[in-house]
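Peer 1: Encoded as structure tokens, here's the structure I'll be asking about.
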Amino acid sequence: MTPEDRLIIALDLPTVDDAESTIKAIGDAGAFYKIGYQLMPIGGLQLAEHLSALGKKVFLDFKFHDIGATVERGVKSVATFGGDFLTVHAEPDVLKGAVAGRGDDPRLKILAVTVLTSLNQESLTRAGIDIKLEDLVLKRAEFAAEAGVDGVVASAKEATAIKQRFGNELTIVTPGVRPKGVSADDQKRVVTPAEAIKSGADHIVVGRPIIAANDPFAAAKDILKDLASTE
């Protein structure tokens, strides 16, 4: 896998016009883009189609979470827009519905969200969840493997344990990645790009360090260089 395949750039921007300008500024340093809640209701799906037409890969980070039948219908609808990855929450009924909705689509891969990288052990305790964070991630990864989804979204701090347990059975996508010297912002479990890959991540998601940079192309290139050092 090339560094360009590993780097997913999060288009967490207020408008599609902003996203398109950023994509243009990034140029050939960007091959894989994430579209989330911010853009989804204001043209994000159409942007996904446009990116696909340009030969780019697309990560639809929609984190579906509903009864299985509703998730199945939602995934079936989203699949028509041509994404490569789609996130759902890692609960058995949700995962089962997502796999059914994806059907035999040759492109769309379902990713199970384990524990958000904005959470830590204290966050789980406040929510009344008494299990150790890493154990919860592994439990949800087990749900994903049992349901037949393609991968998981997890912090690099848990990626090693997932890789040890499941090998290459589950693709690991890691958000909360920040180059050295860059603010962690609202993330609590952060690592550098190279650290994430060395920990077992297959793909990393990077947003603000690229899209808010004075030179997004240069920022992306720096991360690609860091990723190349792990090969």
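Peer 1: Quick check for me: using +1 on Lys/Arg Cβ and -1 on Asp/Glu Cβ, what's the dipole size of the chain about its Cα centre, in debye to the nearest 20?
Peer 2: Working: 27 positive and 33 negative charges, 52 e Å.
In debye, rounded to 20, the chain gives about 260.
Peer 1: Is there a quick way to get the dipole size of the stretch 1-63? I mean about its Cα centre, with the Cβ of Lys and Arg at +1 and of Asp and Glu at -1; what is the value in debye to the nearest 20?
Peer 2: Values: 6 positive and 9 negative charges, 37 e Å.
Charge dipole of the stretch 1-63: 180 debye, to the nearest 20.
Peer 1: For the stretch 19-120, what is the relative contact order in percent, using Cα pairs closer than 8 Å and at least 6 residues apart in sequence?
Peer 2: For the stretch 19-120, the relative contact order is 23 percent.
Peer 1: Which of the listed residues, Leu224, Thr192, Val99, is farthest toward the dipole's positive end in the chain, when Lys, Arg count +1 and Asp, Glu count -1 at the beta-carbon?
Peer 2: Thr192
Peer 1: What three numbers, in Å, describe the spread of the alpha carbons of the stretch 81-226 along their principal axes, ordered from the longest?
Peer 2: 43, 39, 26
Peer 1: Right, here's the next one. With an 8 Å Cα cut-off and a minimum separation of 6 or more residues, compute the relative contact order for the chain in percent. Don't skip to the answer; put the middle values down first.
Peer 2: Values: 447 pairs, mean separation 46.0, N = 231.
Computed value for the chain: 20 percent relative contact order.
Peer 1: Going by how many other beta carbons lie within 10 Å of each one, how would you line up Asp93, Asp202, Asp135, fewest first? Please report the intermediate quantities before stating the final value.
Peer 2: On the way: Asp93 14, Asp202 18, Asp135 11.
Fewest to most other Cβ atoms nearby, the residues stand as Asp135, Asp93, Asp202.
Peer 1: Please order Arg165, Arg6, Arg178 by the number of other Cβ within 10 Å, starting at the fewest.
Peer 2: Lowest count first: Arg165, Arg178, Arg6.
Quick note: the coordinates plus some simple rules give every number you see, no bench work behind them. All figures in this text were calculated on a predicted structure; none of them were measured in a lab. Here Cβ is always computed from backbone atoms with ideal geometry, including for glycine, and neighbour counts include all displayed protein chains.
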